[in-house]
Amino acid sequence: MSDNWTENMDMISVPNVIRSFGYWPRVFQLLWRASPGYLLAITSLNLIQGFLPALSIGATQQLINSITSNWDEMIGSFLFFISVMLCTLLSSSLQSYVETLFQGKLSNSINIMVMEKAASLTMSDFENAKVQDQLKRVQNDSGHLPFQITKQIFGIVSNLVSLVAISTILVLWKWWVALLLFLVPLVSFVFFLRFGQRQFVVNWKRADRSRTAWYLSYLLTRDSSFKEVKLYNFASHLIAKYRGIVEGFLREDKRLARKQASLTFTFQFIDLGMFTLTLFLAFWSAFHRQIQLGNVVGIIQAITQIQSKSQSIIQQVLGLCQSNLYMEQLFAFLDIRADRMERRDDPALVRDKHNDRRHLRIERIEFKNVSFSYPEQNQTSLRKIGFTLERGESMAIVGHNGSGKSTLIKLLMQLYTACEGQILVNGLPVQAYDLSAYQERIGAVFQDFVQYEMPLRHNVGYGNIEEIDNERKLWQASSAAGIDAFIEKLPKRFDTQLGRWFEEGYQLSGGQWQRVAIARAFMRDADVYILDEPSSFLDPQAEREVFEKFRELVKGRIGIFISHRLSSVTFADKIMVLHQGEVVEIGTHHELMNNNGTYAKLYRIQADTYIRQAAGQQDYTNIV
Ligand SMILES: Nc1ncnc2c1ncn2[C@@H]1O[C@H](COP(=O)(O)OP(=O)(O)OP(=O)(O)O)[C@@H](O)[C@H]1O
C-alpha cells in the first residue's frame, strides 16, 4: 500500500465502500482464530437482534388493536408483547456479556500475532520508517479497532435485517412512504462520505506527528533518558514541542467536529420533516378509518426505527471504510514475512544438508568484494570488503567512528541480507543456509546490548534459551565473563531481579551490565563469537580479563572483536583496519607495525597517551 495520502483519500469513496466488504472473509478468519465459540454466539445474537425490532412493533400494534376485540385475544396479545420484550432484554444482555469477553480475546489474539510477526522481521524491515509507521498504527489501535470493526460488521448485518423486516410494515400501508424514507439516508450517505474523506486525510497526515509526540513523551517518562533531560534541563522544551503537536491535533479536531455537527443537524432536520409528513398521513388514514389506532402506533415506531437504523448503517459503513486502513495496515504487516522468506527460498541456493541445523558447523567465512548501503541511504557504508576467517582464527576490527565496523558484523550475522558481492560460509553463499540455523552458530555482544529488567537468570540465559535452567551452564558462562564471584554475593544469585523498573531490583554498574551481556553470548556453544567494543564500559583491568577469557573461549573457533583500544587487539591473528567503509590494512600486529601505516601511527599515538597518562598528564584515551 502506498504511503501517499492523496492516493489514500480514495479509501473513503464509493468503490472503496464496496471494496471494504472484500476484507470480510479475512476479518472473519481473525475472529474465528480468536474464539470460534464466541464468534458463533455473537453472530446468532446479532441476527436475533435484527429481527426483534420488527417483532416488537408488530406486537405493540397487535396489543393496541386487541383492546377493541375480545378478552382472550387481548390476553394473548399481551403475553406475546411481554415475551418479545423479554427476548429483547435477554438477547441484548447476553450480547453485551459475550461481546465484552470476546473483545479481550480478540485484542490479545491480534497483539500476539503482531508480536510474532515483529519478532520474525529482518533488521532492514524493522528499521524501515514505513514498517515502523505500520507497526505503530497497528499496535496503537489493536486494543479497540478490531473489536470496533467486528461491531461495525455485525451492526450492519443486524440493522439490515431490521430494516428489511420493519419496512414490510410500511410497505403494507403505503409503499411510496417507505421509498421516500430511504431516500434521505441515501443522500446523507453521499455527504457523510465526503466528510469521511476529509476526516481520513486529516488523520492520515497525523501519523508522523503522532510518532514524534509519542517519542517526546517517551523521552520524558523513561529512566534511560531522564538523567540527560534533567541535567541539560530541556524538559520544558520537550513539553512545549509536545504541546505544539497535540494542540494542533485539537484545532484540527475542532474544525472537523464543527463540520460534522452542521451536517448532522441538516439531515436530522430533513428527517424530522419526513417524520412530520408521514405522521400526518398516518393520522389522516386513521381519521378516515383506513387503519386502526394500533397501526398508527406501529407506523410511528416503524418510521423512527427506519430513520435510526439507516443512520446507524451509514455511520457503520463509513466507520468500516476508515477501519479499512487499519485492516490494510494489519494485513500488509502480517504479510511482510512471507515476502522476505521468498528471497531465501531460492531453489538454486537451498541444499537440504546445509539447512539441517544439527549438521551446520561454521568452518570458514569469506567476504568477497562486499559493498553495502543501508536501506534508503545514499551513502555506502562498506566498500569492496574482502577477507577470510578460518576456524581457530581471531580477527580484530579497528577504525575511526563510523568507519563501518559494526555494519560489517551486522552483515556477517545476516541482520542485513541484501548486499553487493558475496559472503561465503564453508564455501557456499550464506543464503544457502537456513537463517536461524546459521544465526544460532553465532554468539555476539552488541555495542548497544540490552539490559533486561528481569532476573539475572534471564539476562544470561537468553543467550541459549533452552539452557536457561541449567545451573552448570549459567555458572560456566558467568565465569567466562568474569562475574561468577560477583554473582555469589548477590542476594538470590541467578534469581536476583536486575534493574530498577520492578520491585527488589538490583541495579548494576555499566561495566557489570556489560559483563552480563558477555556471559549471555558465552551461554551459546557457538562457532563464531563477536564482541563489539566490549571495552566501552570496562576499566582496563576488566578489559584485559575479558579479552583473556575471550581468547580461551574462541580457541578452535572463530573470534571477532571490535575495539578502540589498540593495546587490546595485539593478540589477534588478524587485525583489519577500516577507514570510511574500506579495508586499508590487514595483518598481524607485527606486520602492521612493520608496515608503518595507519595502524602503526594510531598505535603509537595511543601508546604515547598511556605513557603520558601514567605520568599524570591529560587523558587522551579512545583517540581511534
Ligand atoms: N541503521 C543504520 N541506518 C543507516 N545508516 C547507518 C545505520 N547504522 C550505521 N549507519 C551508517 O553507516 C556508517 C558506518 O556505521 P557503523 O556503525 O558501522 O560504524 P562503526 O565503525 O561501528 O562506528 P563506531 O566506532 O562509532 O561504533 C556510518 O556512516 C553510519 O552513519
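Things to note:
- Per residue value of the accessible surface for the range 152-304 (all protein chains in place, 1.4 Å probe), Å²: 61 Å²
- For S394, the amide hydrogen comes within under 5 Å of the amide hydrogens of G559, D573, K574, counting only partners 5 or more places away or on other chains and with H modelled in the peptide plane.
- Sites excluded, chymotrypsin sites (Phe, Trp or Tyr not before Pro) in DSSP loops with at most 16 other C-beta within 10 Å, longest stretch of the chain: 235-500
- The residues of the range 40-140 expose, per residue, 54 Å² of accessible area to a 1.4 Å probe.
- Spacing of the two label points (7 Å from each Cα toward its C-beta) at S479 and F234, in nm: 4.8 nm
- Of the residues H458, H564, H288, the one with the largest accessible area comes first in the ranking H288, H458, H564, computed with a 1.4 Å probe on protein heavy atoms.
- For the range 482-526, a Kirkwood radius taken over Cα pairs fed into Stokes-Einstein (37 °C, viscosity 0.692 mPa s) yields D = 290 µm²/s.
- Label positions at V584 and S371, each projected 7 Å from the Cα along the C-beta direction, are separated by 2.0 nm.
- The radius of gyration of the Cα set in the range 389-541, together with its Dmax, comes out at 16.8, 52 angstrom.
- For the chain, a crude dipole built from +1 on the beta carbon of Lys and Arg and -1 on the beta carbon of Asp and Glu, taken about the Cα centre, is about 1160 debye to the nearest 20.
- Applying the Karplus relation 6.51 cos²θ - 1.76 cosθ + 1.60 with θ = phi - 60° to the range 214-230 yields 3J(HN,Hα) values of 4, 5, 5, 5, 4, 4, 7, 10, 10, 5, 5, 9, 4, 4, 5, 4, 5 Hz, where x marks Gly and Pro.
- Two-decimal log10 I(q)/I(0) for the range 471-594, as the Debye equation yields it once each C-alpha is a single scatterer, q = 0.16 Å⁻¹: -0.83
- Percent accessible area from carbon and sulfur atoms, the chain, protein chains only, probe 1.4 Å: 57 percent
- Between E328 and T43, the contour length at 0.36 nm per residue exceeds the alpha carbon distance by 100.2 nm.
- Expected 222 nm ellipticity per residue - DSSP helices of 4 or more, -39500 (n - 2.57), all of the chain, to 500: -21500 deg cm²/dmol
- Annotation: amide H-H contacts under 5 Å for L508 (H modelled 1.01 Å from N, sequence separation of 5 or more, or interchain): G499.
- Taking 0.36 nm per residue of sequence separation and removing the Cα-Cα distance, the R472/A129 pair yields an extension gain of 119.2 nm.
- Across the range 289-298, rounded Karplus estimates of 3J(HN,Hα) from the backbone phi angles (6.51 cos²θ - 1.76 cosθ + 1.60, θ = phi - 60°) give 6, 7, 9, 8, 4, x, 5, 4, 4, x Hz, Gly and Pro being marked x.
- Cα centroid separation, the range 360-400 to the range 256-308 (Å): 76 Å
- Computed Rg/Rh of the chain, alpha carbon atoms with Kirkwood Rh: 1.14
- Label-to-label distance for N401 and L160 is 6.2 nm, based on points extended 7 Å past Cα in the beta-carbon direction.
- Take the chain and mark each of the GluC sites (Glu not before Pro) that is in a DSSP loop with at most 11 other Cβ atoms within 10 Å; the longest unmarked stretch, sites excluded, is 1-375.
- If the segment from Q139 to E453 were pulled out straight at 0.36 nm per residue, it would be longer than the present Cα-Cα gap by 110.8 nm.
- Counted by Cβ distance under 14 Å from L250, the other residues give a net charge of +4, where Lys and Arg count +1 and Asp and Glu count -1.
- In order through the range 193-198: 3J(HN,Hα) via Karplus (6.51 cos²θ - 1.76 cosθ + 1.60), integer Hz, x for Gly, Pro: 5, 4, 5, x, 4, 5
- C419, C321, ranked by accessible area, largest first (probe 1.4 Å): C419, C321
- Legend: translational diffusion of the range 123-186 by Stokes-Einstein, Rh = Kirkwood radius over C-alpha pairs, 37 °C, 0.692 mPa s; D = 213 µm²/s.
- Rounded to the nearest 0.05, the FRET efficiency derived from the C-beta distance between L79 and L263 at R0 = 25 Å is 0.05.
- Counting DSSP beta bridges with both ends in the chain, the antiparallel % (nearest 5): 50 percent
- Rg and Dmax of the range 139-276, based on Cα coordinates, read 23.3, 78 Å.
- Under-5 Å amide H pairs with V445, H placed in peptide plane, nonlocal only: I530, L531, D532
- Straight-distance candidates among the lysines for linking to K473, with alpha-carbon spacing under 17 Å and chain neighbours fewer than 8 residues away dropped: K549.
The values are calculated or read from the model by the stated rules, or taken from the named source; none is laboratory data. Everything numeric here is computed off the predicted structure, so don't read it as measured data. We place every Cβ from the backbone using ideal geometry, glycine too, and count neighbours over all the protein chains shown. Surface accessibility is based on the protein's heavy atoms, side chains included, excluding ligands, DNA and RNA. Shrake-Rupley method; radii C 1.70, N 1.55, O 1.52, S 1.80 Å.
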